[in-house]
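First up is the structure itself, then whatever we jot down about it.
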Amino acid sequence: MSGLIAAWPLPLIYILGCLLACGQSHQQWQIARCTAVAALLATLGNALIAVSGWLSPSVSVHAVGMTAALLIALLGWVIVNYSARYLDGEPGQTVFVRAMLFTLAAVGILVVSRHLAVIVLAWTGTSLGLHYLLTFYRERKAAQVVAHKKFLVSRLAELCLLVALVLVYETAGTLTLDGLGTYLQNRDALPTALHAAALLFALAAILKTAQLPLHGWLIQVMEAPTPVSALLHAGIVNIGGFVLIRLAELISLAPAAQWVLVVVGSLTAVLAGLVMLTRISIKVRLAWSTCAQMGFMLMEIGLGLYELALLHLVAHSLYKAHAFLSAGETVRLARRNDLLGPQRSARSPLWYLGAAGLSGALVAASAAAWGALLPGLVVSPVALFIVALGLASLLWLERGNSPGLLLRGVVQVLALTQLYFLWHLLFSGLTPAPGPTSAPLLVWVVLVFTLLYGCQVWLRCFPQGRFARALFPWAYCGFYLDESFTRLTFRIWPLKLTPGQAQTLANRNLTPAGEQI
């Protein structure tokens, strides 16, 4: 049994559950729970059977789909059980269950199918199912406004996908991933039509993953129930990265698509990361974090770091599901840390520069050790650079500079670095081999993340300085990137609000273009 066949029980079981839920008006949650359990058990069992197949190169191409199927099965089981408790006593639960099972079925079809037309149709299905979930509280007009914005963005993305499908079929004569891979074998350059198709796939992923300046809908969908937010941020918004990983052979030969992914993704990661620092609401902070992480993942794909992007996708999904479903506990822990935790004190800029240097040295030494043990292990230098900057904060020692704290920081950096290499080794066997990356792209990424690290350090050292005072209003308002796009969307396809509905929005200090104030 190949990994492809082993993954299909997931969508089939969710389709059956959705049909049963649509055919009955009672026992909706029992149907949903049984469906989620059956999907999880079937996917786990078939994955164990398919593990031996993963070792064969002939079926290794299905490993990404099998990994995504396991992830969706786990998240579906958790979110369905949480939803049953969360929505207890709410009206409209029957519609919620049907929409949830339909959305999970569409996601399941998308992750296991190897036909581009089916993938695009399933991607559209996830968007339509999510629309019903986002507007579960139909009396909340803010939810209607934001869902309208997302609807327009999704339709624009699907237009890009439709044109890309036509270009691929006219050029390669096939819409299957296997057929496209055969066509691209031993090709050093793409026809113009496939360059355009790759660029359109990249643009569709950018639209679907809420990259700046088209990000507003993701930040403003907090009117939906918490399990819907968990499903959106942990699963559906990651689909763009998953589709691009499966199109790795095409993306690797399309420099224009790579440039768009790297530039848009890296700028989104930096700007959204700065905006997140100004937010107080836990769910809004998590939403900006998702926006930044999606940018980071698209940047990795543009650099050809497909194994790192898949690792990022899986880790982000699991983290965001936990973060949204435990948001109330997060608030309690944050308050306890503010009251009981020791106060942090900023250090001189040279200290933070030294921390980055020490972190880089530890990561480089670990890379050398792994390279000596496993000569075939190849890790991109830019990936090591980003890991070093990300772990440098463990060496800032803002709560004290005793030798014990420094030793603990060094141990933490080393431990997390080894964990990264271990996961890299695992996921490198599931994804296509990385393609060549142009030097200008690498230089761009290094400069962008150096700038981000420098901004964070400067703000910590001089929180009341001129730069901080000038940056804060811009960052707090999301650099005003969403307002123009929102006005454009409402000119193209306005959402009709009655005077009473519009007054409700005004009374809540909410505008169609912005977040709740």
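So which residues in segment 181-214 are surrounded by 17 or more Cβ atoms within 10 Å (Cβ to Cβ), part of a loop (DSSP other than H, G, I, E, B) and not small (G, A, S), if there are any at all? Hits for segment 181-214 are L190, T209, Q211, L212, P213, L214. With respect to A39, is the statement that it is closer than 20 Å to V243 by Cβ, within 25 Å of the chain's Cα centre (by Cα) and either buried (at least 21 other Cβ atoms within 10 Å of the Cβ) or modelled with pLDDT of 80 or more (or both) true? Here the answer is no, as A39 does not meet what is asked. Taken together, the residues in segment 68-125 that are charged (D, E, K, R) and in contact with a Pro (Cβ under 6 Å, 6 or more places away or on another chain) amount to 0.
Residues that are under 29 Å from the mean Cα position of the chain (by Cα) and either open to solvent by 60 Å² or more (accessible area, probe 1.4 Å) or under 29 Å from H215 (Cβ atoms) (or both) within segment 167-176 comprise L167, V168, Y169, listed in sequence order.
Of the helices (runs of 4 or more DSSP H) lying entirely inside segment 431-510, those containing at least 1 residues that are at pLDDT 85 or above and surrounded by 12 or more Cβ atoms within 10 Å (Cβ to Cβ) span 439-461, 466-476.
Taken over segment 414-424, the criterion of being in contact with a helix residue (DSSP H, G or I) (Cβ under 8 Å, 6 or more places away or on another chain) and surrounded by fewer than 18 Cβ atoms within 10 Å (Cβ to Cβ) is satisfied by L414, L416, Q418, W423. Checking the conditions here, which among V80, V111 is crowded, with 24+ Cβ neighbours inside 10 Å and either under 23 Å from A433 (Cβ atoms) or free of Cβ contacts under 8 Å to residues at least 12 places away in the same chain (or both)? Criteria check complete, one pass: V111. Here the condition is being of a type outside the set (D, E), touching a Lys or Arg at 6+ places or on another chain (Cβ under 7 Å), part of a helix (DSSP H, G or I) and open to solvent by less than 10 Å² (accessible area, probe 1.4 Å); of A105, A164, A147, A157, it holds for A157 alone.
Checking the structure you have, find out if any residue of segment 368-377 is surrounded by fewer than 16 Cβ atoms within 10 Å (Cβ to Cβ), touching a residue at least 60 places away in the same chain (Cβ under 8 Å), part of a loop (DSSP other than H, G, I, E, B) and in contact with a helix residue (DSSP H, G or I) (Cβ under 9 Å, 6 or more places away or on another chain).
no
The values are calculated or read from the model by the stated rules, or taken from the named source; none is laboratory data. Only a predicted model underlies this, so the values are computations on that prediction, with no experimental measurement involved. Glycine gets a Cβ as well: all are built from the backbone with ideal geometry, and neighbour counts include every protein chain shown. In case anyone asks, the SASA skips ligands and DNA or RNA and just uses the protein heavy atoms, side chains included. Shrake-Rupley method; radii C 1.70, N 1.55, O 1.52, S 1.80 Å.
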